[in-house]
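The values are calculated or read from the model by the stated rules, or taken from the named source; none is laboratory data. Here the structure is a predicted model, which is why all the values come from computation and not from measurement. Ideal geometry is used to build each Cβ from the backbone, glycine not excepted, and the neighbour counts take in all protein chains shown.
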Amino acid sequence: MSEQEANRDREKASQEEIYRILRQDIEDGTYPASSRLPSVRTLAKRFNASPNTISKVVSRLMESGLCTARRGVGLFVRSLPNRKITVVTTSSSDKPADDLYGFIESRVAERCKIEGIEIERYHALPQDPPYGPDIDRIQKPGRIIVCFGVSHEPYLKQLADLRRPMLVIGCAPNRASTSSVVVNSFRAGYLAGRHLIKRGCRRIAYIGRRREVRGVSLPEAESLKELAGLQCACMEDGLPIAHDLIFADVAQAINRPPPEPVDGIVMPDGDPVTGIQVVKALGQRAERVIIGDDRILERQRRPAAVVVKRDDMVDIALGEMHRLLDEAAKGFRALVVDCELHEAVM
């Protein structure tokens, strides 16, 4: 490395350290909102740095929205941006549920606590609508709204009308301008279908998902994408999927089995006992593929499974949440998390 490159690296490290200290001073209240920052020359003396280095640090503080320049007067600290997020969940518990959405919510809450981000959480109460907390309860939403397990489109549109950037985990809405983090459901169905076809299955049943929210059954849009992926896999081999082999949920599959047994089943993850009941109802020799998150892989015995990694969902959700929290963030994104097929373990 040349001496010139070494000097550039040292200057860059110095800028980073000075920026970190000044930002901390602003956030701690050493320089309160509306107060004037010391001059570039004064800061240069404090940090034993060149005025050019301090000027670059000041430019970063302005880009971060922490301070603003008043021509002919100096640099002033701005009011800190709102660091509160509003969490909306369909869970009826005051704590995250023991499922994929609950896992992501818990991890997001842990990170927010570390970073000093306040969380205002709204869960479903008995008097609320069946698809989520009453909108009227959300009087002063935070800087962004993060939804867990909410999939009812008209309800999401109402949340979007609160005029806050939104992040929806588990559903990709098309009626509201929101960012979303969803599993690649089409790929999940396709991988499940190709696995069964390669195993010689020709009559393949598909069981979808319906979310029960206080007595009201709501279909999950992502299960329809799984079905489309399965149909695509079957079309490649010229295999039609009969309407009597498509079930809205597990209960329907058990209570209304087709007249002839099936040899393959694609279904959501659930209670292992229920899985056995499904096989007994649809076909004693049927092979199964279950779709869920990577907790499935912790079981000693299981059928083939298409899984999404929970930590991948968390990392992507946190990244998008921070992007939306940033004052400079513009626009919304649909972020799709891939999944993998794992062979059966018996």
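A few comments on the model shown:
- Pair list, Cβ under 7 Å, 6 or more apart: the range 111-138 residue in the same structural domain as ASP315 (by TED's automatic domain parsing) and closer than 20 Å to ARG83 by Cα, other residue outside any strand (DSSP E or B) and basic (Lys, Arg): GLY116/ARG83; ILE117/ARG83; GLU118/ARG83; TYR122/ARG137
- Across the range 154-165, the number of residues qualifying as in contact (Cβ under 8 Å) with a residue 60 or more places away in the chain and in contact with a helix residue (DSSP H, G or I) (Cβ under 8 Å, 6 or more places away or on another chain) comes to 2.
- Test: VAL150 is in a loop (DSSP other than H, G, I, E, B) and either crowded, with 23+ Cβ neighbours inside 10 Å or modelled with pLDDT of 90 or more (or both): yes
- Residue match in the range 202-216 (condition: in contact with a Ser or Thr (Cβ under 8 Å, 6 or more places away or on another chain), assigned by TED's automatic domain parsing to the domain that holds SER93, surrounded by 18 or more Cβ atoms within 10 Å (Cβ to Cβ) and touching a residue at least 60 places away in the same chain (Cβ under 8 Å)): no
- Residue match in the range 105-119 (condition: assigned to a helix (DSSP H, G or I), surrounded by 18 or more Cβ atoms within 10 Å (Cβ to Cβ), within 17 Å of the chain's Cα centre (by Cα) and of a type in the set (Asp, Glu)): yes
- Of all residues in the range 211-241 being charged (D, E, K, R) and over 16 Å from GLY132 (Cβ atoms), the one that is modelled with the lowest pLDDT: GLU222
- Candidates in the range 258-278 are the residues that are surrounded by fewer than 18 Cβ atoms within 10 Å (Cβ to Cβ) and aliphatic (A, V, I, L, M); of these, the one that is farthest from ARG194 (Cα to Cα) is VAL273.
- For the range 298-346, filtered to residues that are β-branched (Val, Ile, Thr) and touching an Asp or Glu at 6+ places or on another chain (Cβ under 9 Å), the residue that is nearest to ARG194 (Cα to Cα) is VAL306.
- Tally, over the range 296-331, of residues that are crowded, with 18+ Cβ neighbours inside 10 Å and part of a loop (DSSP other than H, G, I, E, B): 1
- Looking only at residues of the range 51-76 that are part of a helix (DSSP H, G or I) and modelled with pLDDT under 85, we find that the one that is surrounded by the fewest Cβ atoms within 10 Å (Cβ to Cβ) is GLU63.
- Condition check for ALA192: within 22 Å of GLY275 (Cβ to Cβ), surrounded by fewer than 16 Cβ atoms within 10 Å (Cβ to Cβ) and small (Gly, Ala, Ser): no
- Lone unmet requirement of (1) under 22 Å from GLU27 (Cβ atoms); (2) in a loop (DSSP other than H, G, I, E, B) for LEU125: (1)
Residue by residue, here is whether (1) under 19 Å from VAL308 (Cα atoms); (2) of a type in the set (A, V, I, L, M); (3) over 16 Å from the mean Cα position of the chain (by Cα) holds:
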site	(1), (2), (3)
ASP128	no, no, yes
ARG143	no, no, yes
PHE148	yes, no, no
LEU159	no, yes, yes
